[in-house]
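The values are calculated or read from the model by the stated rules, or taken from the named source; none is laboratory data. Bear in mind the structure is a predicted one, so any value in this text is a computation, not a measurement. Ligands, DNA and RNA are excluded from the accessible area calculation, which covers all protein heavy atoms including side chains. Shrake-Rupley method; radii C 1.70, N 1.55, O 1.52, S 1.80 Å.
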Amino acid sequence: MNKTRIPMGDLRRQNTPLRAEIDAAIAAVLDSGWYVLGREVAAFEQEFASYCGVSHCIGVASGAEALFLALAALEIGAGDEVITVANACMYQVSAILQAGARPVLVDIDPATSNLDPRALEAAITPRTKALMPVHLYGRLADMPAICAIAARHGIPVIEDAAQAHGAWAHDAESQPRRAGAWGTLACFSFYPSKNLGALGDGGALVTNDAALAERLRRLRMYGWNEKYCTVEAGGRNSRLDEIQAAVLRVKLRGLEAGNAARQVRAALYRELLNDLPIALPADEPGHAYHLFVIGANSRDALRQHLSTAGIGSDVHYPFPAHLQPAYAQLGYKPGALPITEHLAGQILSLPMFPELTHSEIEQVAAAVRAGVRQ
Ligand SMILES: *Cc1c(COP(=O)(O)O)cnc(C)c1O
């Protein structure tokens, strides 16, 4: 195999230009002598809540932890059902099972790869205790429809916004509303390659519910309401480090520009690829393009062609949750989620990051063209 000339992502290109700012931020934490849940975390929480357009943010250890803590804060457990999708890498199913509840998986809208609100409504039972849509690839799920269903049934919504920092859609009043500002709770990951990435693991929950926010602050720290006084049985250690929060404050200042750069790159890809027999992501102004995902009939051959041409690509994600060996206990059979299963064989993620150059996109597009035609 040739060396990869154009990678799926390149975090050095993003972080190296910020070297002086990041060094200063880390040095300030080092000199402060305070390394867990301090000034930097508090400041970042305030800045990120304000960015999302919500009142509260709670920094935690990772996106996966945020999903679990959301369920814990809503007291979801044995006997409860949580409805989610099967095409978003199992993070949701894993959190729901950890909480002791049952994941109920529904199919997706083929046009967006996001949860299909009609399938969602059909899956609601008296045991449904939360809805967990995912804003996959950086595109908001159909939140007006999902929130309307949730309100009608009195069920909380937990957004998995781990791929959608800064993504937005219009609400019922035609106002733009960002990921995180729709659900009862929303979960973010700051894994280094996300649209807002730390230099290690990190995550957060956001909410407008003050009581849930307080409970989450206890749950992330052993269930304490004050030092050594445990008031929540389900507490754990799930804290955001001061160093990561300090780095995230630097990175947050560049999030809007980064998302805008991703949109420019997506537009160029669309322009260069639109005459090919492949599916392209629809052009939406609020799409944050965490990933640029096309659909192709001979996906594996195309991927091989790209690899030979030195171009990175990936599949997000090849195996739907309901067909994973570990989740056979859930009782789903092949064919249970036809659209999810069909798209799993078609999707291909092309290189997409804010620092990707015009020339690189042209090279990727030329290789895709040659690969589709071969
Ligand atoms: C990355 C991701 C997560 C998990 O976040 P971590 O910080 O890696 O634990 C959850 N959900 C989605 C959709 C993700 O992309």
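Restricting the calculation to Cα atoms, the range 154-203 yields a radius of gyration followed by a Dmax of 12.3, 39 Å.
Membrane-span-like helices in the chain, defined purely by DSSP H runs whose alpha carbon atoms cover 18 Å or more axially and whose average Kyte-Doolittle hydropathy reaches 0.0, are 19-32, 358-373. Relative to its Kirkwood radius, the Cα radius of gyration of the chain gives an Rg/Rh of 0.97. At a probe radius of 1.4 angstrom, the accessible area of the range 183-240 per residue rounds to 42 square angstrom. With a 1.4 Å probe rolled over the protein heavy atoms of all chains, the accessible area of 82, 372 falls in the order 372, 82, largest first. All distinct Cα pairs of the range 19-64 go into the 1/r average, and the inverse of that average, the Kirkwood radius, is 11.9 Å. On the chain, 54 percent of the accessible area sits on carbon and sulfur atoms, based on a 1.4 Å probe.
Across the range 211-319, the volume of the C-alpha convex hull divided among the residues equals 199 Å³ per residue. Straight-line cross-link reach from residue 251 at under 26 Å between alpha-carbon atoms covers these lysines, not counting any fewer than eight positions away in the same chain: 194. Per residue, the accessible area of the range 289-356 comes to 40 Å², computed with a 1.4 Å probe over protein heavy atoms only. Across the range 96-170, the mean sequence separation of Cα contacts (distance under 8 Å, 6 or more residues apart), normalised by length, yields a relative contact order of 28 percent. Indicate the gyration tensor shape class of the range 273-348 (rounded, prolate or oblate), computed on the Cα atoms with a ≥ b ≥ c the square roots of the eigenvalues: a/c under 1.5 is rounded; otherwise a/b larger than b/c is prolate and the rest oblate. Since a/c reaches 1.5 and a/b is larger than b/c, the shape of the range 273-348 is classed as prolate.
Each 10 Å bin from zero holds the following percent of Cα-Cα pairs in the range 136-230: 15, 39, 32, 12, 1.
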